[in-house]
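Everything below concerns the one structure shown next.
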Amino acid sequence: MSKNKSKDSHNLVLSTQRADGRKQIAEAKLLRFKNRTTHRRYVIDMSSPEFTCMCPVSGFPDFATIHINYVPKEWCVELKSLKLYINQFRDQGIYHEDVTNKIMDELVELLDPWEMKVTADFMVRGNIKTIISANHLHPKVGKERWVVKDN
């Protein structure tokens with residue numbers, strides 16, 4: 001191998017071809033993988049600070065940070081699939097309460113976690129700040145709580 005070829009193998013080659021993001025988002029499905037650490041309970045915290053959806057009444061965009069906290073049982077969510085799934089709401093007319101509970105329901109169905117909390121922290125609009133939280137506890141979770149705290 002020549003000196004030039006070996007140098008080139010370490011250089012980044014930019015391409016004008018790009019993935020079709022709209023298509024990837026439209027076709028996105030939540031994916032999971034096996035939890036490899038089932039001998040202890042631990043918390044996974046994720047945030048999506050650039051969440052958008054549309055107000056079903058006005059058609060104006062709503063902006064939020066979505067926080068997802070869960071204690072995995074047998075499964076963990078694959079992050080790229082979650083990112084694409086979250087982006088599916090961008091052009092959807094949906095109420096704050098509905099989007100929060102839809103994300104919760106679909107993640108619980110996919111993962112069957114010990115515990116989960118989904119919080120949608122929406123930006124102020126019309127002088128009103130909205131934060132929606134949904135909680136899930138597995139029926140066999142026991143007394144110890146990591147994510148969902150009793151008040």
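The values are calculated or read from the model by the stated rules, or taken from the named source; none is laboratory data. What you are looking at is a predicted structure, and each value in this text was computed from that prediction instead of being measured. Note that each Cβ is placed from the backbone with ideal geometry, even for glycine, and that neighbours are counted across all protein chains shown. Ligands, DNA and RNA are stripped out before the accessible areas are found, and what is left, the full protein with its side chains, is counted by its heavy atoms. Shrake-Rupley method; radii C 1.70, N 1.55, O 1.52, S 1.80 Å.
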## Note on the structure
Distance in nm between Thr37 and Val57 label points, each 7 Å along Cα→Cβ, equals 4.4
### Message
Using 22 Å as the Cα-Cα cut-off, could you pick out the over-long pairs in Lys29/Lys102; Lys29/Lys129; Lys73/Lys140; Lys83/Lys129; Lys29/Lys73?
### Response
Lys29/Lys129; Lys83/Lys129
### Summary
Under the helix-only model (-39500 (n - 2.57) for each DSSP H run of 4 or more, divided by the residues of the chain), the mean residue ellipticity at 222 nm, to 500 deg cm²/dmol, is -7000 deg cm²/dmol
### Summary
Nearest-0.05 FRET efficiency for Glu78 and Thr16 at R0 = 25 Å, using Cβ-Cβ distance, is 0.30
### Message
If I compute solvent accessible area with a 1.4 Å probe over the protein chains, what percent of it on the chain is carbon and sulfur?
### Response
52
### Nearest-ten-degree value, helix 96-111 long axis tilted from longest Cα axis of the chain
70
### Query
What whole-number value in Å² describes the accessible area per residue of the chain for a 1.4 Å probe?
69
